[in-house]
Amino acid sequence: AHQEAALVLVCHQLAAAAGTSSQVARTVNETVERDLVARATEYMVAHLDEPISLEQLADHCGCSKAHLIVQFKQKRGLTPIKVLAEMRIAHARTYLEEGALTISQIAHAVGYRDLASFSHFFKHQTGQSPTDLRDNARWLV
């Protein structure tokens, strides 16, 4: 965060000297914000098997929770926590379709410590239980 602020300041100073401050400033800010969303997303992927809070993401990215939410909504159309939930469901679906892990192992692999919570959330998001999805995937093979 400090390096980004220093970069923005230097770019503003250079742009002011060149007479194109506002355009360069916008470009630098857009790049920094895009990188913010990318860093948060990379963190989510790397820690998908762990509980992740909005506060952890914001701390990792060096910004406030509110700023992180605004940037995600602008760049991805969803809040960071909704993006994380979608990632977890997508990974869980893949694991279920592969059939190598138990549902409890899958729940833990995508960041849930409680099988009941995982099953409830999965059904809410997909319209079917993890067991039903696995059974349907077996029929398709």
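Just so you know, all these numbers are worked out from the coordinates, no wet-lab data involved. For clarity, every value in this text was computed on a predicted model and none was experimentally measured. Virtual Cβ from ideal backbone geometry, glycine too; neighbours counted across all protein chains shown.
For every other residue with a beta carbon closer than 12 angstrom to the beta carbon of Tyr112, add +1 if it is Lys or Arg and -1 if Asp or Glu, then tell me the sum. Around Tyr112, the surrounding residues sum to -1. Electrostatic tally near Arg138: other residues with Cβ closer than 12 Å to its Cβ, Lys and Arg +1, Asp and Glu -1, net -3.
With q set to 0.19, 0.23, 0.25 Å⁻¹, the log10 of I(q)/I(0) for segment 51-141, from the Debye formula over equal scatterers at the Cα positions, is -0.86, -1.06, -1.17.
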